[in-house]
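Following: one structure in C-alpha cells, then a few remarks.
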C-alpha cells in the first residue's frame, strides 16, 4: 500500500485514485444531466407532440443517471470509510471491508 502524507494525514494512493475517478464520473454524468434537462425544457416549451413524447425517454435517462450518481457517491463514501478505518484500526479493516460496502448500498424497488 503506497501512502502519501499531506498535512499530517496519511492517504492511500489507490484510494485517492478511486475517489478522483469516481468524482470525474459524477461530474461527467452531472454535465450530461444538465444537457438532458435543457433538452427536456425545450421540448416541453415547444408543445410539439413528438418532442413531448421524446421527453419520456429523456426523463428515463435522467432518472437512470441520477441513480448512477447515487451509486457512485455510495462507493465514494465506502472508500473513505474503509480508508479511515484502515488507518485508525489497522488490520481489522480487511475482514470487514465487504460488510461495509454491502451495508451502505441502498436497496431500491423496481
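The condition of being under 19 Å from the mean Cα position of the chain (by Cα) and either surrounded by fewer than 11 Cβ atoms within 10 Å (Cβ to Cβ) or at pLDDT below 95 (or both) holds for residue 80. Of the residues examined, residue 76 is one that is assigned to a helix (DSSP H, G or I), out of contact with any strand residue (DSSP E or B) (no Cβ under 7 Å at 6 or more places or on another chain), touching a residue at least 40 places away in the same chain (Cβ under 8 Å) and closer than 30 Å to residue 13 by Cα.
Test residue 38 against the stated conditions and say whether it is at pLDDT 95 or above and surrounded by 13 or more Cβ atoms within 10 Å (Cβ to Cβ). Against the criterion (at pLDDT 95 or above and surrounded by 13 or more Cβ atoms within 10 Å (Cβ to Cβ)), residue 38 does not qualify.
Per this entry, residue 60 is counted among residues that are out of contact with any helix residue (DSSP H, G or I) (no Cβ under 7 Å at 6 or more places or on another chain), modelled with pLDDT of 95 or more and in a helix (DSSP H, G or I). Restricting region 83-99 to residues that are surrounded by 13 or more Cβ atoms within 10 Å (Cβ to Cβ) and either in contact with a helix residue (DSSP H, G or I) (Cβ under 6 Å, 6 or more places away or on another chain) or not in a helix (DSSP H, G or I) (or both), the residue that is modelled with the lowest pLDDT is 93.
The values are calculated or read from the model by the stated rules, or taken from the named source; none is laboratory data. Only a predicted model underlies this, so the values are computations on that prediction, with no experimental measurement involved. Here the Cβ is made from the backbone with ideal geometry for all residues, glycine too, and neighbour counts use every protein chain on show.
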